[in-house]
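Please read the structure below before turning to the comments.
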Amino acid sequence: MIFVGPHVSIAGSVSLAPDRARAVGATGFAIFTKNQRVWKAPALKEEDAAAFRERLAADGFVPAAVLPHAGYLINPATPDEALWEKSLGLFIDEARRTAMLGLQMINIHPGAYKEGAREDGIARAATMVDRVLEEVPSISVAIENTAGAGTILGSSFEELDALLSASKHQERVGFTLDTAHLCGAGYDVAADPFGILDSFVSRFGRGKLLGMHLNDSMVPLGSRKDRHAPLGRGCIGREAFRSIVCHPAADSIPLILETPDESAWPEEAAYLLSAR
Ligand SMILES: [Zn+2]
Ligand SMILES: [Zn+2]
């Protein structure tokens, strides 16, 4: 079983998201838990959370097929103490929303350490993840790999490993691999998609892959940049994505399209689903 689908909008109400995903033929999807551009959003009402859970089940999705994405304002690695505290507050809020929606995990970018030692940034990011896990016991955190621009952490399996190792709650920490970010970071997804997943699994074990973001890349291998392209319209190419969804590590985890052309989502989802 594979869970494939786009990152859909929650405009209007989060409870509209399952129907939006179903409309493009998805078997899984991603959402933001709140407007990702603002620090403060109105509290999630239990009636809205209940409506989401109802629509989810009615549309035939299991909770494990949904991967909420924490907002981009959160920087777990920041050396700015005020920003770190503000980030922690928002991350906890989003993790609580995730639990209210009946979902099991939340995706986070490890952040940028800006200045000072890289190791200190890793320690700050791991501490934030731990604090969230302690506040919200029912969820796991999926740390997303990055293309590694500037001081952004998490662009290599070694650094993902360092983030995991720095956590006190490793059994509830795993990863999301974004193919466009892998490509930006120098992993040749076009040439050896299956081998990259094999090396992830041999390092971390299959259970540590909590989700994937399946995006083609507008920018070339090793560019350190993050520019998503529709599947087959970037430097990764369509075939690699078929290969990825056929890897055993892709079983029963959310495989999310964050591709920029919404009109292509039904075809992209059908293409991936037809591979299995
Ligand atoms: Zn992301
Ligand atoms: Zn990206």
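So, in Å, what gap is there between the alpha-carbon centers of region 179-201 and region 232-257?
Cα centroid of region 179-201 versus Cα centroid of region 232-257: 11 Å apart.
Given the -39500 (n - 2.57) contribution per DSSP H run of 4+ residues, what per-residue ellipticity at 222 nm results for the chain, rounded to the nearest 500 deg cm²/dmol?
Computed mean residue ellipticity for the chain: -11500 deg cm²/dmol.
Can you give me the relative contact order of region 3-273 as a percent, contacts being Cα pairs under 8 Å and 6 or more apart?
Once divided by the residue count of region 3-273, the mean separation gives 18 percent.
In terms of modelled amide H atoms, which long-range or inter-chain residues lie less than 5 Å from the amide H of Leu255?
Here Phe3, Val4, Gly5, Met212 satisfy the definition.
For region 96-161 and region 202-229, write down the distance between their C-alpha centroids in whole Å.
Each part reduced to its Cα centre gives a spacing of 16 Å.
How would you rank 130-137, 71-78, highest first, on the average number of other Cβ atoms within 10 Å across their residues? Mind showing how you got there, number by number?
On the way: 130-137: 17.4, 71-78: 21.5.
Taking the mean over residues of other Cβ atoms within 10 Å, the ranking is 71-78, 130-137.
No lab work stands behind these numbers, since they all come straight from the coordinates. Note that this is a predicted model, so its numbers are computed, not measured. Neighbour counts run over all protein chains shown; Cβ positions are idealised from the backbone, glycine included.
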